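The values are calculated or read from the model by the stated rules, or taken from the named source; none is laboratory data. The shown structure was predicted, so the numbers you read here are calculated from the model rather than taken from an experiment. Methodologically, a virtual Cβ is constructed for each residue, glycine included, from the backbone with ideal geometry; neighbour enumeration extends over all protein chains shown.
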Amino acid sequence: MKVLWGLGKALTLMFWGLVLINLFKPLINPFDLLINLVGSLLLLVHVLEVLLFKSRMQGRPHPWRDRLLMLVFGFFHAHILPTSCERDASHA
């Protein structure tokens, strides 16, 4: 399962690289608009994930790093965050 999570992170990182390349040197006409649109939508979804998983990141040692990784990788980073039940059980 770790291989699939790692593959998802690698593909997400490659997509963000494609979006950055497209910003500096746009591709041919229909593809540059599509890549920009999909990149914008993916960024919006990742921002919503950061807001959704805000409570899970509060007890973490480096919450700002987790927020940054969540913006880049989205759910591929969110799955490692502990649930609230796990966090409460560790304080007992």
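Give me the pairs: first residue in region 56-78 and on the phi > 0 side of the Ramachandran plot, second residue in a helix (DSSP H, G or I), beta-carbon distance under 6 Å, and six or more apart or on different chains, which are they? The qualifying pairs are Gly74/His46; Gly74/Glu49. Checked against the criterion of being among the charged types (D, E, K, R) and either touching a residue at least 40 places away in the same chain (Cβ under 8 Å) or more than 17 Å from Leu13 (Cα to Cα) (or both), region 32-46 has at least one qualifying residue.
So in region 73-92, with the set limited to residues that are under 22 Å from Leu41 (Cβ atoms) and surrounded by fewer than 15 Cβ atoms within 10 Å (Cβ to Cβ), which one is modelled with the highest pLDDT? So, considering only residues that are under 22 Å from Leu41 (Cβ atoms) and surrounded by fewer than 15 Cβ atoms within 10 Å (Cβ to Cβ), the one modelled with the highest pLDDT is Phe75.
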